[in-house]
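Trainee: I'd like to ask you about the structure that follows.
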Amino acid sequence: MPLQLAVLASGNGSNLQAVLDRIADGALDAEVRLVASNKEDAFALERARKAGVPVWARSHTAFADRESFDTALVEAIRQAGADTIVLAGYMRLLTPVFLNAFPRRVINIHPALLPSFPGVRGVADAVNYGVRIAGCTVHFVDEIMDHGPVIIQAAIPMTAADSLDAVLERVHAVEHRIYPQALQWLAEGRLKLEGRVVHLASSDKGLAAPQPDMLISPALEQGF
Ligand code: GRF
C-alpha cells in the first residue's frame, strides 16, 4: 500500500518537488493527497497545483491560537485521506493537537547535522560557526523542535572559502535525495524504533555503494 502523504510547506517547496518527482518516476511508493501551507502565496502550492495535488492554504493569522489552526489542519489532512505527514520547510511549530493525531507519522528534514544547529537558520549557523562538515537530517518529529529520532543524515565537506549560497545549494541537492529515500524506507515498513534509535531492516535489494562525494548513513539505495 503506497504511503498516503500530506506535505506541509511554507515556502519554495523544492523538497516537495523532489518527493513528487520520485513518485512520478516510480522510485517512491507514495501518493501526495494534500499539500498544506500556512502561507497562501507559498510557491509550494504552485508546485502542487501543477502536479494536480489538492491544496489547503490558510494564514495562521486568521486563527485565534496555534491549537485551533492545528485542529483545522488535522481535519483537512484526514479528509484528504493522508496518514503520513511530510514537513518540507514548514515554518510553524506543531502543537500536541497535531502530533497526537498522527503519532510517529510526522517526518521532518532539517538542513544541518542534528543535534547541531537546530532552528530556522541551520545552514547559516553552521557556516558562521566555521564547521568543515555541513549536512542535513531526516527525522521523526516529536514535541521538541528538530529533536526526534534520526532516520538518515548526509554529511557534506566544506571549506572556509565556500559561500553560504554555495553550501545551501549543496545541502538542498542532498536533501532532495535523502528525503525520498527515508520515505521509501517508511513505505516498505523497514524503519523500527527502539527508544530514540531508528533501525533499518534490510531489503532484498541490498544497499547501494557509498557515494564518493559525501557520507550518508545509512547508505542511499538505487534510484535515490
Ligand atoms: C530545507 O532546507 C529544509 O531542510 C528546511 O527548510 C528548507 C525547505 O526548502 N526544513 P524547500 O522549501 O523544500 O525548498
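The values are calculated or read from the model by the stated rules, or taken from the named source; none is laboratory data. Please read these numbers as outputs of a predicted model, since none were measured by experiment. Neighbour counts run over all protein chains shown; Cβ positions are idealised from the backbone, glycine included. Keep in mind that these areas ignore ligands, DNA and RNA; they rest on the heavy atoms of the full protein, side chains included. Shrake-Rupley method; radii C 1.70, N 1.55, O 1.52, S 1.80 Å.
Trainee: Tell me, which helices (runs of 4 or more DSSP H) lie completely within segment 9-101 with 3 or more residues that are at pLDDT 95 or above and closer than 24 Å to Val171 by Cα?
Mentor: Hits in segment 9-101: 14-24, 43-50.
Trainee: Right, here's the next one. Here are some conditions: (1) away from the ligand (no atom under 11 Å from the Cβ); (2) part of a helix (DSSP H, G or I). Pro115 meets all but one. Which one does it not meet?
Mentor: (2)
Trainee: Which one is farthest from the ligand (Cβ to nearest atom) among residues in segment 78-88 that are in contact with a Lys or Arg (Cβ under 8 Å, 6 or more places away or on another chain) and of a type outside the set (Ser, Thr, Tyr)?
Mentor: Gly81
Trainee: Under the condition of being within 13 Å of the ligand (Cβ to nearest atom) and open to solvent by 60 Å² or more (accessible area, probe 1.4 Å), which residue from segment 119-134 is farthest from Ala187 (Cα to Cα)?
Mentor: Arg121
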